[in-house]
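All remarks here apply to the structure that follows.
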Amino acid sequence: MLDQENIIEKIEGAIKKSERHIGEGEVASYIPELANVDPEGFALSIVTTGGEVYEYGDLDTVFSMQSISKIISLTMALMDNGKKVVFSKVGTEPTPYKFNSLIPIDDRASNPLINAGAITTASLIKGEDVDVRFERVMSFVKKLSESDDIKFLYKIYNSEMKTTDVNRAITYYLKSKNIFDKSVEEVLDLYIRNCSIGMKPTELARLGSVFANGGVNTKGERLVSEEIVRIVLSQMASCGMYEESGRFLMEVGFPAKSGVSGAILGIVPGRCAIVTYSPRLDESGNSVRGKHLLDLLSDDIRLNIFLHE
Ligand code: GLN
């Protein structure tokens, strides 16, 4: 809920202030297809736990979820296997290394929100083959976002599949550590398919609002258990912004997950989900304007979860 005075002015003021960061950062190009976007594209969508929507900018932009899909893989791995099994295969601790680094894997990935961890959680999603597993992921995403229009972005998938040697290396390494016994290619395939799920800003914000609302959607249906919501949000808070997670939590003060397509999903428990879209990224792979806008909104609407009132 965002029931406070001048809320529209506050949101619009924050957007205006974030304009000073428009030219900063670079669009991701290591997945060639990701470079084909308007670098100045911008959107903001906020969906409250009560279902109110505040939306601005290019609301028809369809972006790939990329690493934001890691929260879906984690949620489904937990639903399918329980906490004990999942956290015997992946750790819970942040890492100071890049999201696709091989360093934070010793016997297992350090957390579920870096690539190695999300490849692990993808290996735990049940279904007889990759098509069935991905079908389950898509239908869960559609349910959470209350949209049948969620897309599979084949061009993004194809482009990443052709260039994803680092993720392939990570997947082989995890297999060598007996983290899963499926084939490397099928595990990698599901991971990349999940990253290639396409949606619009408000679809993602609606998905996030279920997590902001303790796992229940605006129709009162429980889609995720309270325990899983708690796990996902705490991992987002500690690990969701990669090697900038500690600073982001200190400055902005709520759980968030970024993706290299330029989207960030922020979740303020009990209040709202916020999606920013702006494809220019910093060195860590986080959207520059997006993270500044979340910071401004946090200050101006008092969204920091560590404030006492
Ligand atoms: N698909 C991307 C990758 O594996 C996701 C990374 C990201 O969004 N940070 O490299």
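Just so it is clear, none of the values below were taken in a lab; they were calculated from the coordinates. Computed from a predicted structure; not experimentally measured. Please note: Cβ atoms are built from the backbone with ideal geometry, for glycine as well, and neighbour counts cover all protein chains shown.
Based on the Kirkwood radius over alpha-carbon pairs, what is the Stokes-Einstein translational diffusion coefficient of segment 91-218 at 4 °C with 1.567 mPa s viscosity, in µm²/s? Estimated via Stokes-Einstein, D reaches 83 µm²/s. The mean sequence separation of alpha-carbon pairs under 8 Å and at least six residues apart, normalised by the residue count of segment 38-81, gives a relative contact order of 26 percent. Other residues lying with their Cβ under 10 Å from the Cβ of V130 contribute a combined charge of -4, Lys and Arg counting +1, Asp and Glu -1. Taking Lys and Arg as +1 and Asp and Glu as -1, the other residues whose beta-carbon sits under 13 Å from that of V47 total -1. The eigenvalues of the Cα gyration tensor, multiplied by 5 and square-rooted, give segment 1-145 an equivalent ellipsoid with semi-axes of 32, 21, 17 Å from largest to smallest.
Relative to the current alpha-carbon distance between L59 and T218, full extension at 0.36 nm per residue lengthens the span by 55.1 nm.
Largest mean-square fluctuation among N111, N100, N213, in a Gaussian network model of the chain whose springs join Cα atoms under 10 Å apart, belongs to N100. Calculated on the Cα set of segment 200-269, radius of gyration then Dmax: 12.2, 37 Å. Close amide H pairs (under 5 Å, H built 1.01 Å from N) link A109 with G91, residues at least 5 positions away or on another chain.
Rounded to the nearest 10 degrees, the angle from helix 288-301 to the longest Cα principal axis of the chain is 50 degrees. With the Kirkwood sum run over all distinct C-alpha pairs, segment 82-154 has a hydrodynamic radius of 13.8 Å. Modelled spin labels at E185 and S29, positioned 7 Å past Cα toward Cβ, are 3.1 nm from each other.
Its residues counted as N, the chain yields a C-alpha radius of gyration over 2.2 N^0.38 Å of 0.92. Largest GNM mean-square fluctuation among S147, S88, S64, using the chain with Cα springs under 10 Å: S88. Computed per residue of the chain from DSSP H runs no shorter than four, each worth -39500 (n - 2.57), the mean residue ellipticity at 222 nm is -13500 deg cm²/dmol.
An ellipsoid equivalent to segment 193-309, defined through the eigenvalues of its Cα gyration tensor, has semi-axes of 21, 18, 13 Å when rounded to whole angstrom and sorted largest first.
On a 0 to 90° scale, report how tilted helix 7-18 is relative to the longest principal axis of the chain, with both axes built from alpha carbons and the result rounded to the nearest 10. Once rounded, the angle reads 70 degrees. Given 25 °C and 0.890 mPa s, how large is the Stokes-Einstein diffusion coefficient of segment 132-277 in µm²/s, with Rh as the Kirkwood radius over Cα pairs? Calculated translational D: 148 µm²/s.
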